[in-house]
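The values are calculated or read from the model by the stated rules, or taken from the named source; none is laboratory data. The structure displayed is predicted, hence computed values, not measured ones. FYI the Cβ positions are ideal-geometry reconstructions off the backbone, even for glycines, and counts take in every protein chain you see.
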Amino acid sequence: MSRQSRRHSAEATAVERQVTVGSLTLSSPVMTASGTAGYGSELSSYVDLSQVGAVVTKSIAPYEWAGNPAPRIHTVQAGMINAVGLQGPGVEYWLQNELPKLQSTGASVVCSIWGRSIDDYASAARMLAAAPPEVIAVEVNLSCPNLEGRGSMFAHDAELSAEVIEATEVCNRPRWAKLSPNTDRLVEISEAVSTAGAEAVTLVNTLLGLVFDPDTARPVLGNGGGGVSGPTIHPIAVRAIADVRAALPDVPIVGVGGVVNGWGAAELMLAGAQAVQVGTATFANPAAITDIQDQLLAYASSRGLRSVSQLTSAGIAPL
């Protein structure tokens, strides 16, 4: 461990780490982000998963899903673009084969679900109703193509998003609605899903993008376009969180988008998030979540704060 890392770790121990998101108390404000840490214990060789806020799984449908054709991932300036297509083994397989490995690490688990219809979401939620208590919440990934005939994404339609949240109540645990930044209706949709029963909103998912190959003059991804993530979207995530916090001061927010260090996590909290998720950074450094957690707590200590939770919304008022 470097001298700087040891200093950050020492400073971090002086700050209360617990935060609340809706009805949940998390041991730390820093979690993995869906889609970047696998379904189970993949990061356990690099990170003590019991010491982070939660492990958020890759989004899972109520059935096995093959995903999109390759190539699926491509680097872009300050990030990456992907069109994996939500490949997954299905909720039942995950419960039987992947969750036990994750439980053995002592992690708190947030299971992310998706579907192509409201019935799909309801089915996935129903399968999780009897999940063990380590599954503390369900993140409902609304940034998915839909078959309901009202727009390209559930998260671009306030009424449809609310219907999905209502349908997933059968999971019998808190639900977080993961929303898309690719709409000017983000505040309206955040209010709709909160009213429908979501305890928190997760802001934000990837930005829609398209990249061409200079040799073939064709899209680099097999699916054509994809979702852009990484540091390049960070200011957009900060702005989205700030907008929702200003309009909906009582709605809990989980911030995500381009966090690569403790300051990036702090920015999301200063804008209004109660907790944060780390995603693309783990591809370059599988231990990034631990480093970012220590740096975030050290930053809070440097500001003279007793608890990291005091950072939430502090960006709109003097610390």
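Which count do you get for residues in region 159-179 that are out of contact with any Gly (no Cβ under 9 Å at 6 or more places or on another chain), surrounded by fewer than 21 Cβ atoms within 10 Å (Cβ to Cβ) and assigned to a helix (DSSP H, G or I)?
3
Is it true that Asp250 is on the phi < 0 side of the Ramachandran plot, free of Cβ contacts under 8 Å to residues at least 12 places away in the same chain and of a type in the set (D, E, K, R)? I'd like the intermediate steps shown before the answer.
Numbers: on the phi < 0 side of the Ramachandran plot: yes; free of Cβ contacts under 8 Å to residues at least 12 places away in the same chain: yes; of a type in the set (D, E, K, R): yes.
The answer is yes for Asp250.
Those residues that are among the hydroxyl-bearing types (Ser, Thr, Tyr) and at pLDDT 95 or above, I need them from region 1-36; list them, please.
Matches in region 1-36: Thr20, Ser23, Thr25, Ser27, Ser28, Thr32, Ser34.
For every residue, the table says whether it meets (1) closer than 18 Å to Gly22 by Cα; (2) in contact with a strand residue (DSSP E or B) (Cβ under 8 Å, 6 or more places away or on another chain).
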residue: Trp94; (1), (2): no, yes
residue: Gly106; (1), (2): no, no
residue: Ile113; (1), (2): no, yes
residue: Ser117; (1), (2): no, no
residue: Leu128; (1), (2): no, yes
residue: Leu142; (1), (2): no, yes
residue: Arg175; (1), (2): yes, yes
residue: Ala196; (1), (2): yes, no
residue: Val201; (1), (2): yes, yes
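Can you tell me how many residues within region 180-229 are in contact with a helix residue (DSSP H, G or I) (Cβ under 8 Å, 6 or more places away or on another chain), assigned to a loop (DSSP other than H, G, I, E, B) and in contact (Cβ under 8 Å) with a residue 40 or more places away in the chain?
5
Given Ser50, Ser44, which one is surrounded by fewer than 23 Cβ atoms within 10 Å (Cβ to Cβ), assigned to a loop (DSSP other than H, G, I, E, B), touching a Ser or Thr at 6+ places or on another chain (Cβ under 7 Å) and modelled with pLDDT of 95 or more? Steps first, please.
Details: Ser50 fails: assigned to a loop (DSSP other than H, G, I, E, B).
Sole residue among the options that is surrounded by fewer than 23 Cβ atoms within 10 Å (Cβ to Cβ), assigned to a loop (DSSP other than H, G, I, E, B), touching a Ser or Thr at 6+ places or on another chain (Cβ under 7 Å) and modelled with pLDDT of 95 or more: Ser44.
Identify, please: which residue in region 234-244 is surrounded by 24 or more Cβ atoms within 10 Å (Cβ to Cβ) and not β-branched (Val, Ile, Thr) and is, among those, nearest to the chain's Cα centre (by Cα)?
Only one residue tops the list, namely Ala237.
Among the candidates Tyr63, Tyr39, single out the residue that is assigned to a loop (DSSP other than H, G, I, E, B), modelled with pLDDT of 95 or more and in contact with an Asp or Glu (Cβ under 9 Å, 6 or more places away or on another chain).
Details: Tyr39 fails: modelled with pLDDT of 95 or more.
None of the others qualify; the one that does is Tyr63.
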